[in-house]
Number of protein chains: 2
Amino acid sequence: MNTSPVGSDAGSHTGSHTGSGVKPDLTRLSLNQKTTNTWGVAEAVAGCVRKGIPAIGLWREPVQDVGLERAVELVRDARLRVSSLCRGGFLTAAEPAARQRALDDNRLAVDEAAALGAPCLVLVVGGLPDGSRDLPAARERVAEAIAELAPYAGERGVRLALEPLHPMYCADRAVLSTLAQALDLAEQFPVEQVGVVVDTFHLWWDPEVWTQIARAGARITSFQVCDFNLPIPADALLARGMMGDGVIDFRPFREAVDAAGYTGDIEVEIFNAEVWAADPDEVLATMIQRYAELVL
Amino acid sequence: MNTSPVGSDAGSHTGSHTGSGVKPDLTRLSLNQKTTNTWGVAEAVAGCVRKGIPAIGLWREPVQDVGLERAVELVRDARLRVSSLCRGGFLTAAEPAARQRALDDNRLAVDEAAALGAPCLVLVVGGLPDGSRDLPAARERVAEAIAELAPYAGERGVRLALEPLHPMYCADRAVLSTLAQALDLAEQFPVEQVGVVVDTFHLWWDPEVWTQIARAGARITSFQVCDFNLPIPADALLARGMMGDGVIDFRPFREAVDAAGYTGDIEVEIFNAEVWAADPDEVLATMIQRYAELVL
């Protein structure tokens, strides 16, 4: 298996979209800016423009680094779509003051998403509070928090995008672990207020994923792709790899999401030490090639 | 959170079964010998006898180290129950010769389990073959192999115990990831031929686990406990921790398994570098204490 995060050769994959002189169709491609982690908003926006990538997924911290107004200007002047804002969430605190801070911060994140024209705010809902083993209670607090935030988001034209995370992050990142579970929660609210994220890395193993993608339909608010690499690195968050470097078969996911009616952007979001250490322009070139070969 | 694998203090847990002079009820406790990984069969059997542990889960490699006949003698002379034999499986090879070797080896493992009086052979079904990304095909091959092995096992009084593994092992260890999925497969065969393993480490995150344990009923062939420790170590297989050192709430699992009608042994199976480096007799003492405090 090809383990080079920025290699120009996708190994055994033969794509019909590259190497033949035909320009790949990038209409739906979005760069999640975490993929080019050393770039700020200005550099990532400029990189998208150079490569013909029409959309970008932004993160709150780099947006705050340049200031929200400047970030709004940058994407508007570059005529990029903002496919999502990452991320809100972390809604499992039991302690009232911590809980209130989390809710306030999520409202602020909704405001930022609205200003940026992002259709959704991605929510990583949070893990078990320190020292707690009460998973049902943590899940209940997430549901209560979503009930409080959903109308606020809806009024501002932003959808809360519940992201089920791989079960290996259940304890420390997200007590939402499957698409079925995310949909059970999302469906308690109007579709324009609460949707779900379909992320190949988090869901590829799930024997129910095809049924649940079909069920999700218009709830699909964001489609994120990256590979699942082995071995899982010491920092388990960094197992997200370049498409083609891991074990995921992408096309069935893209086709399932399409069949469910999703017509939005396809965001490439990679957390990976080697990818982050590479030249971001080379990362974009590889990303475009692999996207065309393996996802489209 | 207490991270000492062999500490004599289970931290904030207050058990009614220890420290009060009342001897804990070890009737259902089984030592999976992997927990005392530096011990061979003879030492593990002797350790169980010293500590009043009435059952043992054996592994094929240490059994082969002393020889099957000698292992049979050791457990018989010590009057220990053999709660399970670990493990068969690895049934996902696509290549015919490799596939045949796997089936032959699983028949041999069934014979060993029968000789040892183990009620079940635990199956870790295998991950994706090298270079493959075809998860549905790997799952199909598992189903075909179980169909071939189930009658053979049933005729020898051994149940095949399908073990759903945590989804972080889907690519390289087991394409069975949830109890629902294991039951969907097991239910295609007579209950005396194919059952399932309920292992807290693998299943604790699953929002469907309570429903599925109830559904499992008489299919539950083995109940294994250990904790889920964070961070996930470099060798992800070694994240299994001593009860009380991680994030799992054990009693609801034991109660759910009991309510489903399971009356068999409760096996403690820990893969953990620190536990393995500790004095095995101290590990057993801690295991008994934590079992009484947190599982019963």
A:Lys23: which lysines have alpha carbons under 19 Å from its alpha carbon, excluding same-chain residues fewer than 8 sequence positions away? A:Lys51
With +1 assigned to the C-beta of every Lys and Arg and -1 to the C-beta of every Asp and Glu, and no other charges, what is the dipole magnitude of the range A:28-295 about the Cα centre in debye, to the nearest 20? 420 debye
Interchain or sequence-distant (5+) residues whose placed amide H lies within less than 5 Å of the amide H of B:Ile220 are B:Val196
Take every DSSP beta bridge whose two residues both sit in the protein assembly as shown, then give the antiparallel share in percent to the nearest 5. 5 percent
Which positions within the range B:221-243 get 10 Å² or more of their accessible surface covered by the other protein chains, compared to the chain by itself, with a 1.4 angstrom probe? B:Phe228, B:Leu230, B:Ile232, B:Ala234, B:Ala236
List the residues of the range B:138-170 that lose 10 Å² or more of accessible area once all protein chains are present, compared with their chain alone (1.4 Å probe, heavy atoms only, no ligands or nucleic acids). B:Arg139, B:His166, B:Pro167, B:Met168, B:Cys170
Give the angle, between 0 and 90 degrees and rounded to the nearest 10, that separates the Cα long axis of helix B:250-259 from the longest principal axis of the Cα atoms of chain B. 60 degrees
Between A:Gly88 and residues 5 or more places away or on another chain, the pairs with built amide H atoms under 5 Å apart involve A:Val122, A:Leu123, A:Val124
Shortest first and in nm with one decimal, please list how far the B:Pro190 label point sits from its counterparts in the other copies (point 7 Å along Cα→Cβ). 5.9
What list of ³J(HN,Hα) couplings, whole Hz, do you get for the range A:101-106 from phi and the Karplus terms 6.51, -1.76, 1.60, once you set θ to phi - 60° and write x for glycine and proline? 4, 5, 5, 4, 5, 5
Listed residue (B:Gly195, A:Met287, A:Tyr169) projecting farthest to the positive dipole end of the protein assembly as shown, Cβ model: B:Gly195
Residue-ordered couplings for the range B:186-199, obtained by feeding phi - 60° into the Karplus form 6.51 cos²θ - 1.76 cosθ + 1.60 and rounding to whole Hz (Gly and Pro as x), are 4, 5, 6, 10, x, 4, 7, 9, 9, x, 10, 9, 9, 10
Helical mean residue ellipticity (222 nm; -39500 (n - 2.57) per DSSP H run of 4+; nearest 500) of chain A: -11500 deg cm²/dmol
Sites removed, the longest contiguous part of chain A containing no DSSP-loop GluC sites (Glu not before Pro) with at most 15 other Cβ within 10 Å is A:1-186
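Once the other residues with Cβ under 11 Å from the Cβ of B:Cys170 are scored (Lys, Arg +1; Asp, Glu -1), what is the net sum?
Details: positive: B:Arg139, B:Arg173; negative: A:Asp206, B:Asp172.
Local net charge: 0.
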Can you list the copy-to-copy distances for A:Arg70, using a point 7 angstrom from Cα toward Cβ, in nanometres, shortest first? 7.3
Can you work out the accessible area per residue across chain A, with the rest of the protein chains kept in place, probe 1.4 Å, in square angstrom? 37 Å²
What distance in nm lies between label points placed 7 Å from Cα along the C-beta direction at B:Asp77 and A:Thr263? 7.7 nm
Hull-based mean projected area of the range A:147-271, where the convex hull spans the alpha carbons, in square nanometres: 7.6 nm²
Value in Å of the Kirkwood radius, where the range A:28-295 supplies the Cα pairs that are averaged: 18.4 Å
Out of all DSSP beta bridges with both ends in chain A, state the antiparallel percent to the nearest 5. 5 percent
Sorted from shortest, what are the nm distances separating the label point of A:Lys51 from equivalent points in the other copies, each placed 7 Å from Cα along Cα to C-beta? 5.4
Given H placed 1.01 Å from N in the peptide plane, which residues other than close sequence neighbours of A:Ser30 have an amide H under 5 Å from its amide H? A:Ile266, A:Glu267, A:Val268
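Taking the Cα centre of the protein assembly as shown as origin, work out the dipole magnitude from +1 charges on Lys and Arg Cβ and -1 charges on Asp and Glu Cβ, in debye rounded to 20.
560 debye
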Are there any trypsin sites (Lys or Arg not before Pro) in the range A:27-79 that are in a DSSP loop and have at most 10 other Cβ atoms within 10 Å? List them by number. A:Arg79
Each residue of the range B:72-89 in order: what ³J(HN,Hα) in whole Hz does its phi give by Karplus 6.51 cos²θ - 1.76 cosθ + 1.60, θ = phi - 60°, with x for Gly and Pro? 4, 4, 4, 6, 5, 5, 7, 6, 8, 7, 9, 7, 6, 10, 10, 8, x, x
Largest first, please: the extent of the C-alpha atoms of the protein assembly as shown along each principal axis, to the nearest Å. 82, 58, 39
Taking only the alpha carbons of the range A:67-159, what extent do you get along each of the three principal axes, in Å, biggest first? 48, 24, 20
Of the heavy-atom accessible surface of chain B (probe 1.4 angstrom), what whole percent is carbon and sulfur? 51 percent
Residues in the range B:181-212 that, when all protein chains are in place, have 40 Å² or more less accessible area than the chain alone would give (probe 1.4 Å): B:Trp204, B:Trp205, B:Pro207
Roughly how big is the A-B contact, given as buried accessible area in Å² (both sides, 1.4 Å probe, nearest 100)? 2500 Å²
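The values are calculated or read from the model by the stated rules, or taken from the named source; none is laboratory data. Computed from a predicted model, the values in this text were never measured in an experiment. Ideal geometry is used to build each Cβ from the backbone, glycine not excepted, and the neighbour counts take in all protein chains shown. When the accessible area is computed, the model is the full protein with side chains, heavy atoms only, and any ligands, DNA or RNA have been set aside. Shrake-Rupley method; radii C 1.70, N 1.55, O 1.52, S 1.80 Å.
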